[in-house]
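The values are calculated or read from the model by the stated rules, or taken from the named source; none is laboratory data. Please read all numbers here as calculations on a predicted model, not as lab measurements. Positions of Cβ are backbone-derived with ideal geometry, glycine not excepted, and every protein chain shown enters the neighbour counts.
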Amino acid sequence: MIQVDIWSDIACPWCYIGKRNFETALSGWEHRADVAVTWHSFELDPHAPAERVGDLTERLADKYGVSIEQARATQARITALAADAGLDLHFETARSGNTFDGHRLVHLAAAHGKQDAMTERLFSAYFSEGELISDHETLARLAGSVGLPAAEVGGTLGSDRYADDVRLDESTAHALGITAVPFFVVDRAYGASGAQPPAVLASLLDKACSERRPVRGAGVS
């Protein structure tokens, strides 16, 4: 079995594009049945409030010191790349906020064999549907839509359950030197950062299949 570990954040458009590109690469790979994927938490802004107020484009311009027109052009470029990957992004309706609780639900979903489905649902809700993915009622509804037990979802959101798992993912990312997401680690041997094209991700799978060897000191769990 080839292990693929992916660090990502729910509010990262490149992570959503990277997910779809990896799925495309995997769908055409002859050994796809022998691949196990684990999603790992990474918060681009761990200090984000529950919801940011104001225009997303304006905040992007302020953050990177560019004009509103340049920020819009960047969003348009990302939207076009996402469309090429089969995704429908709507930055104009995205509601930015803290992603920590969403990451905790991804860990809960992993315990039920639904980690990928929960990750996909959160991406879609944030980027395509304008959902506030820090809101507990919203998160509970999204979790229910992928089949997670309501009682466990409520118990998780009403406590700090899986908080340590999120922090462990993030500390492992730090130990690996991961500073940007998405970040792919294939079979603890080969890493790639960013929303790489399907061909690049497929080549990582090929290398891992032909040269099975561990990453020294990686500590991926």
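Just so you know, in segment 40-59 the residues that are in contact with a Lys or Arg (Cβ under 9 Å, 6 or more places away or on another chain) and touching a residue at least 60 places away in the same chain (Cβ under 8 Å) include one that is nearest to residue 8 (Cα to Cα), and it is 41. Can you tell me which residue in segment 165-190 is farthest from residue 13 (Cα to Cα), limited to those that are small (Gly, Ala, Ser) and in a helix (DSSP H, G or I)? Only one residue tops the list, namely 175. Name the single residue that is surrounded by the fewest Cβ atoms within 10 Å (Cβ to Cβ) among those in segment 71-107 being assigned to a loop (DSSP other than H, G, I, E, B) and hydroxyl-bearing (Ser, Thr, Tyr). In this case the residue turns out to be 93. For segment 171-188, the set of residues classified as buried (at least 18 other Cβ atoms within 10 Å of the Cβ) and on the phi < 0 side of the Ramachandran plot consists of 172, 173, 176, 178, 181, 182, 183, 184, 185, 186, listed by residue number.
Number of residues in segment 30-51 that are hydroxyl-bearing (Ser, Thr, Tyr) and surrounded by fewer than 19 Cβ atoms within 10 Å (Cβ to Cβ) equals 1.
The requirement of being farther than 22 Å from residue 11 by Cα and not in a strand (DSSP E or B) is satisfied by residue 199.
Every residue, every condition in (1) within 22 Å of residue 94 (Cβ to Cβ); (2) without any contact (Cβ under 8 Å) to a residue 60 or more places away in the chain, yes or no:
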residue: 20; (1), (2): yes, no
residue: 24; (1), (2): no, no
residue: 27; (1), (2): no, yes
residue: 35; (1), (2): no, no
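Could you check, for segment 6-16, whether at least one of its residues is of a type in the set (D, E, K, R), in contact with a His (Cβ under 9 Å, 6 or more places away or on another chain) and under 30 Å from residue 211 (Cα atoms)? Yes, some residue in segment 6-16 is of a type in the set (D, E, K, R), in contact with a His (Cβ under 9 Å, 6 or more places away or on another chain) and under 30 Å from residue 211 (Cα atoms). Is there a residue in segment 40-59 that is in a helix (DSSP H, G or I), farther than 30 Å from residue 151 by Cβ and among the charged types (D, E, K, R)? Yes, some residue in segment 40-59 is in a helix (DSSP H, G or I), farther than 30 Å from residue 151 by Cβ and among the charged types (D, E, K, R).
One residue stands out in segment 10-29 among those that are surrounded by fewer than 24 Cβ atoms within 10 Å (Cβ to Cβ) and assigned to a loop (DSSP other than H, G, I, E, B): the one that is nearest to the chain's Cα centre (by Cα), namely 12.
Scanning segment 60-70 for residues that are assigned to a loop (DSSP other than H, G, I, E, B) and either polar (S, T, N, Q) or within 26 Å of residue 166 (Cβ to Cβ) (or both) turns up just one, 67. Of the candidates 166, 220, the single residue that is β-branched (Val, Ile, Thr) and at pLDDT 95 or above is 166. Looking only at segment 59-70, decide whether some residue is closer than 30 Å to residue 208 by Cα and crowded, with 17+ Cβ neighbours inside 10 Å. No, the conditions are met nowhere in segment 59-70. Might you check whether a residue that is more than 18 Å from the chain's Cα centre (by Cα) and closer than 24 Å to residue 22 by Cα occurs anywhere in segment 133-146? There is at least one residue in segment 133-146 that is more than 18 Å from the chain's Cα centre (by Cα) and closer than 24 Å to residue 22 by Cα.
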